[in-house]
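Worksheet for the structure shown next.
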Amino acid sequence: MFYQYAKFIDTGLLILPKKVNISEIYYNIIIFRVEQLENTGRILRIHGPVITLTDIKAKIGDVILLGEWKLISEAIRIFGEHVVVQCYEDVSGLKPGDPAWNTGKPLVVELGPGLIGSIYDGLQFDEKKIGPFWERGLRVSRLNKERKWEFIPIVKKGEKVSEGDIIGVVPETRAVQHRILVPPGLANLEIVEIYEGKFTVTETVAIAKTKDGKTVELKMMQEWPIRIPRPYKTRVPLTEPLVTGQRVIDTFFPVAKGGTAAIPGGFGTGKTVTLQQLAKWSDADINIYIGCGERGNEMAEALHDFSRLVIPRAKIERIKREDDKLKVEIFHETGVKLVERAIFIANVSNLPVYAREASIYTGVTIGEYFRDQGYDVALMADSTSRWAEALRDIAGRLEEIPVERGFPAYLAERIAQFYERAGRVVTLGTKKVIIDSQETDRIGSLTIMGAVSPPGGDFSEPVTAITSRFVSVLWALDKELAFKRHFPAINWLLSFSYYVDLVRVFWERYDPEWYTLRGEAMKILEEASEIEQIARIVGEKALPEEQRLILQIADLIKEGFLIQNAFHEVDTYCRPEKQTKMLRVLIEFYKLAKKLVDNGVPVDVIFSKSSVKRLYKMRLEGLSVERVCELAEKGEFDKIEEESRKELQMIDEMFAAVKKDLQEIAKMYEIKL
């Protein structure tokens with residue numbers, strides 16, 4: 001009886017004339033009732049988490065259960081009659097001769113309502129149910145199989161649907177409307193029955209019929225192998241930036257929605273804080289934060305902040321049926337917490353090393369699932385170095401020939417495969433959606449940002465060097481900047497972004513000269529770096545006034561623009577309007593000061609003015625996040641807009657005071673500005 005069921009398990013659906021709960025088949029028979037599995041073998045050799053089995057038939061990627069605890073492992077090599085597996089749990093107590101059972105199923109994740117706000121380990125087991133200490137062999141459901149969700153149908157009886165089409169929606173949180181999709185691999189279905197009401201994720205919400213008359217039961221939950229990218233129609237160009245509210249990223253090294261970015265840096269340079277800032281403030285619809293081998297206290301801090309912080313004005317998307325078409329309504333809501341649009345994969349350093357390798361794929365598969373619903377997803381992985389170290393450990397135990405620093409020869413291939421799963425795509429589905437009165441394809445994006453932890457901050461080590469080849473944005477964290485308390489410690493000489501030209505149109509909505517202003521600021525910083533080397537030899541006072549001005553302006557850009565305090569109520573987030581306004585003020589000030597210096601005015605005279613000194617603190621003045629939340633809770637959005645305008649006016653007033661002082665200096669030296 002089992003094999004009648006098993007051949008349908010890989011699709012996540014059951015094609016049978018009668019109703020059968022496939023989740024119970026998988027969970028009860030495969031996980032617990034392993035004695036019913038006929039494909040059994042035994043352990044031959046144990047080399048840490050790498051275990052050799054014999055007398056068992058398997059294929060690469062099969063999940064195999066080991067010993068009396070039914071420990072989860074995955075087949076990674078087959079030679080002759082032997083199968084080599086990597087175990088994702090503590091192997092203490094296993095011994096040669098212990099039994100092994102092949103489930104015949106790949107490592108999968110369960111996708112459906114209940115993902116948002118969850119905290120999973122690397123294999124997608126719910127850590128809220130596991131508790132602080134994990135017993136070996138303990139199994140908990142990935143999705144909550146008992147909770148009932150409100151299912152609202154989108155399609156009607158008799159309607160044709162295909163893979164990727166939305167058949168209904170579930171209001172999962174205030175921020176996220178979960179869209180129930182026809183699983184990949186099913187085409188030309190006709191809806192025979194569709195129900196409305198409250199259902200668990202394993203209950204049937206629709207019954208469809210294939211062209212040859214077979215019955216297909218559609219549920220809110222589907223499964224997908226973590227190592228296989230989910231399908232889509234086609235990729236589309238990246239045109240919109242992922243606005244993060246971090247000035248050095250948004251202005252100088254932007255990342256596009258659907259793009260890839262890496263943030264390498266040594267110990268103490270601020271990788272985790274920077275990634276957490278991106279997770280908190282980016283304008284993505286869904287945030288997935290993967291703690292891969294990092295310290296538990298860092299994940300605890302992220303969880304605490306996400307459960308406490310409120311999105312002042314959260315963008316909400318709702319799909320509804322209107323005149324037999326799907327219409328996307330976009331509005332804003334107050335009081336939504338960050339955790340209501342976030343998912344956490346907490347595979348921290350005290351969990352089994354090999355589970356780190358799976359955690360990256362678990363997170364990216366969940367991200368692809370929400371991308372397929374039409375959402376913009378941001379995935380933060382901290383850190384991919386720990387994942388690469390797990391690969392190195394596996395390769396070493398398999399006695400594979402190592403390359404540089406002991407890493408396997410296929411490291412570059414694995415890193416490329418991971419980042420290639422990012423992108424902005426037209427999702428599967430036959431139905432278009434209406435957004436702002438325009439009919440368009442359903443488009444979703446997955447942006448991947450990974451931290452890299454090079455030993456000693458050495459960017460030439462393999463993981464950093466290979467990663468920089470496959471990403472389009474590199475935020476290189478500098479140890480010297482971190483020691484100077486310059487955070488984010490992103491080095492503007494080592495970092496790069498290939499998306500500047502692509503997102504130019506977006507930023508020029510706020511300032512038509514944004515691209516030119518950014519280029520001038522970068523030029524000043526680069527010139528200052530060269531002049532600093534000379535100044536170390538001859539001293540700053542011995543430099544010509546023109547070069548001293550470059551140094552002072554570069555220092556102003558660093559102190560007044562690039563540095564951003566993640567824990568300051570105002571400075572933690574900077575709106576695009578404020579960023580462009582601040583950049584213009586700094587460059588306009590440089591042009592005026594240069595004209596004075598060219599006509600003989602000493603640099604010290606210019607920078608002695610109190611109005612000029614105030615520019616250094618421009619970033620700390622304005623509308624705080626707490627104030628925005630307070631007004632949003634009251635629904636006073638007009639007040640928020642008013643105070644936002646006042647913030648920009650305040651910057652204009654600062655610059656007006658600067659220009660007044662410079663005019664007085666020009667008059668004193670008989671110079672016409």
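Structure notes:
- Looking only at region 344-369, and only at residues there that are touching a helix residue (DSSP H, G or I) at 6+ places or on another chain (Cβ under 6 Å) and part of a strand (DSSP E or B), the one that is modelled with the highest pLDDT: Ile345
- Among the residues examined, Ile671 does not qualify as open to solvent by less than 40 Å² (accessible area, probe 1.4 Å) and in a helix (DSSP H, G or I).
The rows are residues; the columns are (1) farther than 30 Å from Val310 by Cβ; (2) modelled with pLDDT of 95 or more; (3) not aliphatic (A, V, I, L, M).
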| residue | (1), (2), (3) |
| --- | --- |
| Ile166 | no, yes, no |
| Ala175 | no, no, no |
| Ala187 | yes, no, no |
| Ile191 | yes, yes, no |
| Val201 | no, yes, no |
| Thr204 | yes, yes, yes |
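- Being at pLDDT below 95 and surrounded by 13 or more Cβ atoms within 10 Å (Cβ to Cβ) holds for only one residue in Val538, Val628, Val597, Val612, and it is Val628.
- Tally, over region 51-68, of residues that are acidic (Asp, Glu) and either buried (at least 22 other Cβ atoms within 10 Å of the Cβ) or more than 12 Å from Pro99 (Cβ to Cβ) (or both): 1
- Checked against the criteria, Gly48 counts as at pLDDT below 95, over 20 Å from Pro225 (Cα atoms) and open to solvent by 10 Å² or more (accessible area, probe 1.4 Å).
- Residue check, Lys646 open to solvent by 50 Å² or more (accessible area, probe 1.4 Å), part of a helix (DSSP H, G or I), over 19 Å from Pro576 (Cα atoms) and basic (Lys, Arg): no
- Flag for Ala279 being touching a residue at least 24 places away in the same chain (Cβ under 8 Å) and either in a strand (DSSP E or B) or of a type in the set (Val, Ile, Thr) (or both): no
- Region 510-533 residues that are under 16 Å from Leu493 (Cβ atoms), paired with ones that are part of a helix (DSSP H, G or I) and open to solvent by 30 Å² or more (accessible area, probe 1.4 Å) (beta carbon under 6 Å, 6 or more apart): Ile531/Gln547
- Residue-level analysis places Lys639 among those that are of a type in the set (Lys, Arg), more than 31 Å from the chain's Cα centre (by Cα) and open to solvent by 60 Å² or more (accessible area, probe 1.4 Å).
- Every residue from region 227-242 that is of a type in the set (A, V, I, L, M, F, W, C) and buried (at least 22 other Cβ atoms within 10 Å of the Cβ): Leu238, Leu242
- In region 129-178, residue farthest from Pro352 (Cα to Cα) [restricted to those that are among the charged types (D, E, K, R) and open to solvent by less than 60 Å² (accessible area, probe 1.4 Å)]: Glu159
- Leu115 meets all of the listed conditions (1) touching a residue at least 40 places away in the same chain (Cβ under 8 Å); (2) closer than 23 Å to Lys219 by Cα; (3) open to solvent by 10 Å² or more (accessible area, probe 1.4 Å); (4) of a type in the set (A, V, I, L, M, F, W, C) but one, namely (3).
- Residue in region 319-339 that is within 30 Å of Glu159 (Cα to Cα) and either in contact with a helix residue (DSSP H, G or I) (Cβ under 9 Å, 6 or more places away or on another chain) or assigned to a helix (DSSP H, G or I) (or both) present: no
- Only one of the listed residues (Val628, Val570, Val597) is more than 21 Å from Thr516 (Cα to Cα) and touching a Gly at 6+ places or on another chain (Cβ under 6 Å). That residue is Val570.
- Single residue of region 408-446 satisfying the filter (of a type in the set (A, V, I, L, M, F, W, C), under 22 Å from Phe370 (Cα atoms) and assigned to a loop (DSSP other than H, G, I, E, B)) that is most open to solvent (accessible area, probe 1.4 Å): Leu428
- Test: residue in region 355-377 that is over 19 Å from Gly117 (Cα atoms), of a type in the set (A, V, I, L, M), touching a residue at least 12 places away in the same chain (Cβ under 8 Å) and touching an Asp or Glu at 6+ places or on another chain (Cβ under 9 Å): yes
- Residue in region 298-321 that is closer than 19 Å to Lys128 by Cβ, at pLDDT 90 or above, of a type outside the set (Val, Ile, Thr) and surrounded by 21 or more Cβ atoms within 10 Å (Cβ to Cβ) present: no
- Ile394 vs. criteria surrounded by fewer than 24 Cβ atoms within 10 Å (Cβ to Cβ), assigned to a strand (DSSP E or B) and at pLDDT 90 or above: no
Each row is one residue, and each column tells you yes or no for (1) hydrophobic (A, V, I, L, M, F, W, C); (2) open to solvent by 80 Å² or more (accessible area, probe 1.4 Å); (3) modelled with pLDDT under 95; (4) outside any helix (DSSP H, G or I).
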{"position": "Pro512", "(1), (2), (3), (4)": "no, yes, no, yes"}
{"position": "Ala521", "(1), (2), (3), (4)": "yes, no, no, no"}
{"position": "Glu532", "(1), (2), (3), (4)": "no, no, yes, no"}
{"position": "Gln552", "(1), (2), (3), (4)": "no, no, no, no"}
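- Yes/no for Glu641 being more than 17 Å from Leu517 (Cα to Cα) and either touching a residue at least 12 places away in the same chain (Cβ under 8 Å) or not aliphatic (A, V, I, L, M) (or both): yes
- Considering region 54-67, and only residues there that are assigned to a loop (DSSP other than H, G, I, E, B) and in contact (Cβ under 8 Å) with a residue 40 or more places away in the chain, the residue that is farthest from Gly41 (Cα to Cα) turns out to be Gly61.
- Residue in region 175-195 that is of a type in the set (D, E, K, R), in contact (Cβ under 8 Å) with a residue 40 or more places away in the chain, out of contact with any Gly (no Cβ under 7 Å at 6 or more places or on another chain) and more than 30 Å from Leu502 (Cβ to Cβ) present: no
- Exactly one residue out of Thr202, Thr210, Thr251, Thr215 is farther than 25 Å from Lys327 by Cβ, among the hydroxyl-bearing types (Ser, Thr, Tyr) and open to solvent by less than 10 Å² (accessible area, probe 1.4 Å): that is Thr251.
- Only one entry in Glu89, Glu127, Glu163, Glu159 is in contact (Cβ under 8 Å) with a residue 24 or more places away in the chain and in contact with a Phe, Trp or Tyr (Cβ under 7 Å, 6 or more places away or on another chain), namely Glu127.
- Condition met for Arg386 (of a type in the set (Lys, Arg) and surrounded by fewer than 21 Cβ atoms within 10 Å (Cβ to Cβ)): no
- Meets criteria (over 23 Å from Pro254 (Cβ atoms) and of a type outside the set (Gly, Ala, Ser)) for Phe561: no
The values are calculated or read from the model by the stated rules, or taken from the named source; none is laboratory data. Note that the structure is a prediction, hence the values are computed from the model and not measured. No Cβ is skipped: glycine too gets one built from the backbone with ideal geometry, and neighbour counts run over all protein chains shown. For accessibility, only protein heavy atoms count, side chains too; no ligands or nucleic acids. Shrake-Rupley method; radii C 1.70, N 1.55, O 1.52, S 1.80 Å.
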